[in-house]
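Step one of this worksheet: look at the structure below.
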Amino acid sequence: MIRHLCRHVLALIIGLAGSSLMAAPQPGEYQIKAAYLINFARYMEWPAGRLPAGAVLRLCLLGRDPFGGSLLALEGRPVQGREVRFRQVDSLDQALECHIVFVSGSEERRLGLILRGLSGRGVLSVSDIEGFAEAGGGIGMVTEDDRVRFDINQAALTRDGLRASSQLLRLGRQVFGTERGPR
Amino acid sequence: MTSRFALLLVAPALCWGTAAHADDPSLADLSLEELVRLDVSAVSRKAQKLSDTPAAVTVLSAADIRRSGARSVPEALREVPGVIVSQIGSGRWSVGVRGWGGRFSNKLLVQIDGRSVYSPLFSGVFWEALDVVLADVERIEVIRGPGASLWGANAVNGVINIVTRKATATVGTLVSADVDNGGHASLAVRQGVDLGDAGALRVFAKGGELGGSRTREGGGGPDYNRGWVAGFRMDGAGSGVDAWTLQGSSNRRTSGENITTNSLTGEQAALPLDFVFESTNLLGRYNWGLAGGEASVQAYVDQQLANVGTYGKGTVNTADLDFQHRLVPYGVHEIMWGLGGRLVQTEIVAASPVLSISPPRRNSRVFSAFVQDEITLVPQTWKLTLGGRFEYSSLSRFEPQPTARLMWTPNMEDSLWASWSRAARTPSIGESDATILFGSQPLPPGSPIPMVALASRPGASWSRRAERVDTVELGYRRNLGNGSLEAVLFHSDYHRLISEQTDPNGLVFPTSPLPVEPFTVPIQYLQRGNQSAARSYGVELGVDLPVTSALRLQASYTLMDTRVRRSADAVANATAREREESAPQHWGSLRMAMNLGRGQEIDVAARRVGTIGTGDVPAYTAVDFRYAWRVSRYFDLYFVALNLFDPLHLEYVSNFFPGQPVYQPRTAFLQGVWRF
């Protein structure tokens, strides 16, 4: 029986190795990044004029979707008594209607233009483009040692009228634009 | 039978049932503290960032560079499809893109942080003089195919952009030390300082010696390479969207090798030759908002000195100014345009009668303008990019370099693109101005004289046009979740290639004695001009597959062929053959990247390189091994073994300076990296 079991396990390992070539990937980087986005919404405060109490929180994706459906799965989730609405947007004009914009890696070439367009408009910009927070984005996600961490640009948030909770600032890998400085 | 099936179905549920599913809502309920501590099962490859680009682009991230075990830029490029990297000797490399290998691969543009390191003296890169602190490189972008419309002349077959990290990302101390089994050591130190509102500054210095090659019999000592580099980079504070950078560096490297000389009487001898390279550069860049869009201006000055033993020296002074403006999208159009100007002062002092340069000093000017329009034909699905660079160089003439690229992305996974582009390669100072006495040719027995000397010089009526290439490419990319697959087909048509032909005026008797015995033989001149043409075609494949959460497989393969036009002239045909065979017709690599947990990594890379006809280099297989251990937050330890199953092999024979063929031994090195 044990020998049989071993054979099955072996077959299984081979099968898994083979099927992983075609099957959907294991939960990974982007599922975790999607979970982060919800948490950013929890720990961020928008100006009342930009996001009145009880209004829906618009979470948008600018560019090609690397999340494979995990952002869509956030649709309708409650965050601080608001409902999350997800939308994929094509242009800067559409992005300005959102509260959180995740800038996809596909937009890297026009990053400067996007940051300029979103600047001072009460939009939390998040991306995993390398050096995003340093370049003037709100929160940059960084994968380091197989863990997803994030950098915060405090000066950019202030400029956009956003307030990050102390808990968010404490857990950030690097915080730019404060006396604390990057570590 | 049924029970077996049942087991097969149940077993994964038992073993992997605890793993969170992709769309498991519970993941979104985790708190920030929990997320920060969560291990990612499979990290996507950052190379996919440019997947939106209708071009053959490979981006090597800092992690890719680290895992390749590379200590120099060429080593990091070894597994990029379409790029053939061969070691000529200690610190000397042939890096060719889509064929055209050589010590100076003149169809490849290389830039570090926007500064060109392509030498106008010989049209190519002195890889042996290039010294980069790899730990502070953020990424290396490799763009295959003509990149001229954006990067300008000499980006004929490719562009390599080495991008270092911003100073704001390198605050703290880094010390990296390595030593190989031959006792050759190198040390790099970087200190980054946070300047508060002013931004950040880093200063760095690196010095050391590379291991030498071997002779065919395994003996040591045919070559060496040592030197140092020091520099700084300052970046503005990361709070605003306006950004500025100021950076500079100085370096000195000496590199020695044996040159094979043929005396006119046919005797071969090995002549030791020492090169000394010195360079200093300073670059500034500023990005700001302009008319709703984004503009950047970049300026740099650069001085490079190259001493070739007592035989001569070359100096290149460059001043470059570049402006770019990305306009705010207008309807379906996204327009980018720019202007550039470059002044280059070159001087070659030939202290040997073998080489003479006329004129010895040149001031050349390059002015260029480019415009590119990215047109969205159907949102998310069809995109057309039209662009062109219009360039005037005082070394050739006006060169329009247009491109048209069409990209189709029917879904999130697949993209298909096609392109046509034209690029130009300006003649080098050497090609344009040098007369080189380079060999002898015995005449058939019974001739009144036993031999003639051979010398190459520019053709008397040569109008010095740039070489031109027209390239058609077809590319396919598939996103495999956390992996990817890429295939590119290319066909290039080269016109006006600079080559040599026998001077129809026949033999000339020297007016003054030749510098080598027997002093008075007649000279047969070979005249240079835009006299050749070629065609090449091939396919480049790249695959990146996460097999399990701890194992990733990466493979690349290139198959190609180059045909250079033949003529009735024997000399031209010999050059044509040499060019065709300057790179292998196929090469490939396979890498296994394993994470063992507890901060330990193992990388095994194998590569197979086909025969290289020029220099009679046989096909070879090499296997490299790397073990890395993150001992603590502050200390990483690496052990790397190169050419694991191979005591010695030949990778390339230098075709520019006729170097003595040298062999690459099995090598191991230990490296420690401290960060605090």
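Rule-based calculations on the coordinates, nothing more; no lab input. Model, not experiment: these values are computed from the prediction. All Cβ positions, even for glycine, are placed from backbone atoms using ideal geometry, and neighbour counts span all protein chains on display.
Averaging the sequence gap over all C-alpha pairs within less than 8 Å and six or more residues apart, then dividing by the number of residues, gives region B:423-526 a relative contact order of 27 percent.
Fewest-first ordering of B:627, B:392, B:663, A:30 by other beta carbons within 10 Å of each residue's beta carbon gives B:392, B:627, B:663, A:30. Centroid-to-centroid, using Cα positions, region B:564-580 and region B:367-417 are 34 Å apart. Each of residue B:637 and residue B:367 was given a label point 7 Å from its Cα along the Cα-to-Cβ line. The distance between the two points is 6.2 nm. Across region A:67-74, computed HN-Hα scalar couplings (Karplus, 6.51 cos²θ - 1.76 cosθ + 1.60, θ = phi - 60°) run 7, x, x, 6, 7, 4, 5, 7 Hz from first to last residue, x flagging Gly and Pro. Between region B:87-109 and region A:69-104, what is the C-alpha centre distance in whole Å? Using only Cα atoms to place each centre, the spacing works out to 48 Å.
Note on region A:28-176: the alpha carbon radius of gyration divided by the globular reference 2.2 N^0.38 Å gives 0.93. Residues whose amide H lies under 5 Å from that of residue B:103, counting only those 5 or more places away or on a different chain, are B:655, B:656; hydrogens are built 1.01 Å from N in the peptide plane. Residue by residue, region B:95-106 carries 3J(HN,Hα) couplings of 10, x, 10, 6, x, 6, x, x, 4, 10, 7, 7 Hz when phi is fed to the Karplus relation 6.51 cos²θ - 1.76 cosθ + 1.60 (θ = phi - 60°); x denotes Gly or Pro. The share of Cα pairs per 10 Å bin across the protein assembly as shown, counted from zero up to the longest distance, runs 2, 12, 21, 25, 20, 11, 6, 3, 1, 0, 0 percent. Annotation: amide H of residue B:635 within the under-5 Å range of B:675, sequence separation 5 or more or interchain, hydrogens built in the peptide plane.
Of the trypsin sites (Lys or Arg not before Pro) found in region B:355-445, those that fall in a DSSP loop while having at most 14 other beta-carbon atoms within 10 Å are B:397. Amide H contacts under 5 Å for residue B:126: B:119, restricted to partners 5 or more places along the chain or on a different chain, H placed in the peptide plane at 1.01 Å from N.
Fewest-first ordering of B:646, B:235, B:29 by other beta carbons within 10 Å of each residue's beta carbon gives B:29, B:646, B:235.
Beyond 49 Å, the tail of the calculated P(r) for region B:42-675 holds 11 percent of the Cα pairs. Cα centroids of region A:145-169 and region B:645-676: 46 Å apart. Which trypsin sites (Lys or Arg not before Pro) in region B:226-334 sit in a loop by DSSP (not H, G, I, E or B) and have at most 15 other Cβ atoms within 10 Å of their own Cβ? Answer by residue number: there is no such site. Applying a DSSP loop filter and a limit of 13 other Cβ atoms within 10 Å to the chymotrypsin sites (Phe, Trp or Tyr not before Pro) in region B:459-548 leaves B:519. If you fit an axis through the alpha-carbon atoms of helix B:570-580 and take the longest principal axis of the Cα set of chain B, what angle between them do you get, 0 to 90°, nearest 10? In chain B, helix B:570-580 runs at an angle near 10 degrees to the longest axis.
Only Cα pairs under 8 Å and 6+ residues apart enter the sum, and on that basis the relative contact order of chain B stands at 12 percent.
When B:552, B:630 are sorted by how many other C-beta atoms sit within 10 angstrom of their C-beta, beginning with the fewest, the order is B:630, B:552. Phi-derived couplings, Karplus 6.51 cos²θ - 1.76 cosθ + 1.60 at θ = phi - 60°, listed residue by residue for region B:558-564: 10, 10, 7, 8, 10, 10, 9 Hz, with x used for Gly and Pro. The coefficient of translational diffusion for region B:434-533, derived via Stokes-Einstein from the alpha carbon Kirkwood radius under 25 °C and 0.890 mPa s, stands at 142 µm²/s. The helix-only estimate of mean residue ellipticity at 222 nm for chain B, built from DSSP H runs of length n ≥ 4 each weighted as -39500 (n - 2.57), is -2000 deg cm²/dmol after division by the residue total.
Only lysine pairs 8 or more places apart or on separate chains count here, and in chain B those with Cα atoms under 19 Å apart total 4.
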